[in-house]
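**Q** Supplied in structure tokens, the structure appears directly below.
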Amino acid sequence: MQWRKESLREALGKGLVAIGEADQDVVVVNADLRNSVKTTYFMERFPDRTIEVGIAEQNMIGVSAGLAMMGMKPFAVTFARFASKRAADQISMCVDYCRANVRIVGAYAGIFTGMQGVSQQMIDDTAAMRAMPNMTVIDTADAVQVRAVLDYAVRHRGPLYIRVGRDEWPVVHDPGYHFVPGQGTWLRQGSDVALISSGVLLPYAIEAAAALADEGLSAAVIDMPSVKPIDAPLIAAVARDVGAIVTLEAHNVQGGFGAAVAEVVVTTYPCAMEFIGLQNSYSESAPNDDLAEHHGLTAPHIASAARRVVARRKQFRHSTSLPDRA
């Protein structure tokens, strides 16, 4: 498929300017990565509402929590790796425990960060953030969704973590897209298997569904940026009515979006599942296309997972008894 592409970090930087123009309480707190995450746009437009703490991510979170307690609307923006690891304790105690209205933006999330390599990639931030009791977690798929999520974030009450990628990426959503927390969106109907994607693997899911249709398999595509709260009613309905699910995420499959979907499935309508993502491994430095292929994230790999899960669905539905426990 031919996709129009737009830079995710450019969407982040310019999106922050847009919400800053609409709301004078918006403040951006940086940790020495303004140019990389494109918050230079906000600093140039609103120097008096920009705070630079230097290479001190823990301090960035503490400052942001203080600003929130004073009624401001802080956006703490840095690489996802630094936000979710270096400042984890401060996020837990100063933001999550206190239910502070801090918006943490984890840029360079996932593995598609150009040739930056493992030190700039982040593959387990979803797992860390969604484990915090009060945290809302969102994983964005394209530039349109990034801007829509930022528009929502200004109104959000409580701790919020937003994953944003780095490079130019296919634009899937229409300009009028509106983000609703806890709600997934059907992009394609299907009855044989459901491809449920959170984040930037969404275009691969759409391509896989088209390829499967050529084979006579009806694949639904569901976009689910809201990892927490998750759209449990939609997931349960898919598990009940379709009975075969493939989850997609640019994240380690342990503890991530797929695990969140499985938690719903196992407590509602257990069904066959496959998980597309990093399979308990770190990534490496390589062009984005090569990384996607190496880690099995592209449309052909997704289609293969869909075929496997459809075959297992038949076995699952025809199973009438469980083996005796030892």
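**Q** Return a yes/no flag: does segment 177-190 have any residue that is buried (at least 24 other Cβ atoms within 10 Å of the Cβ) and within 17 Å of the chain's Cα centre (by Cα). Show your work before the answer.
**A** Taking segment 177-190 as the starting set, the residues that turn out to be buried (at least 24 other Cβ atoms within 10 Å of the Cβ) are none.
Looking through segment 177-190, none of the residues is buried (at least 24 other Cβ atoms within 10 Å of the Cβ) and within 17 Å of the chain's Cα centre (by Cα).
**Q** Taking the condition closer than 24 Å to Val261 by Cα and under 17 Å from the mean Cα position of the chain (by Cα), does Thr136 pass?
**A** Here the answer is yes, as Thr136 does meet what is asked.
**Q** Also, I was wondering about something else. Got a sec? Which of Val144, Val154, Val149 is at pLDDT 95 or above and buried (at least 21 other Cβ atoms within 10 Å of the Cβ)? Let's see the steps before the verdict.
**A** Values: Val144 fails: buried (at least 21 other Cβ atoms within 10 Å of the Cβ); Val154 fails: buried (at least 21 other Cβ atoms within 10 Å of the Cβ).
Testing whether each residue is at pLDDT 95 or above and buried (at least 21 other Cβ atoms within 10 Å of the Cβ) leaves just Val149.
**Q** Let me ask something additional. Could you grab me the full set of residues in segment 50-78 that are without any contact (Cβ under 8 Å) to a residue 12 or more places away in the chain and either part of a strand (DSSP E or B) or of a type in the set (A, V, I, L, M, F, W, C) (or both)?
**A** The one that is without any contact (Cβ under 8 Å) to a residue 12 or more places away in the chain and either part of a strand (DSSP E or B) or of a type in the set (A, V, I, L, M, F, W, C) (or both): Met70.
Yes/no per residue for (1) within 21 Å of the chain's Cα centre (by Cα); (2) acidic (Asp, Glu); (3) outside any strand (DSSP E or B):
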position	(1), (2), (3)
Trp3	yes, no, yes
Glu10	yes, yes, yes
Ala18	no, no, yes
Glu21	no, yes, yes
Asp32	no, yes, yes
Tyr41	no, no, yes
Asp48	no, yes, yes
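**Q** Among Val264, Val221, Val310, which is the only one that is out of contact with any Leu (no Cβ under 8 Å at 6 or more places or on another chain) and of a type in the set (Val, Ile, Thr)? Talk me through it step by step, then tell me what you get.
**A** Working: Val221 fails: out of contact with any Leu (no Cβ under 8 Å at 6 or more places or on another chain); Val310 fails: out of contact with any Leu (no Cβ under 8 Å at 6 or more places or on another chain).
On inspection, the qualifying residue turns out to be Val264.
**Q** Which of the residues belonging to segment 83-98 are in contact (Cβ under 8 Å) with a residue 40 or more places away in the chain and either of a type in the set (Lys, Arg) or surrounded by fewer than 24 Cβ atoms within 10 Å (Cβ to Cβ) (or both)?
**A** Lys85, Ala88, Ser92, Asp96
The values are calculated or read from the model by the stated rules, or taken from the named source; none is laboratory data. What you see is a predicted model; the values in this text were computed from it and never measured. Heads up, the Cβs are rebuilt from the backbone with ideal geometry, glycines too, and the neighbour counts pull from every protein chain shown.
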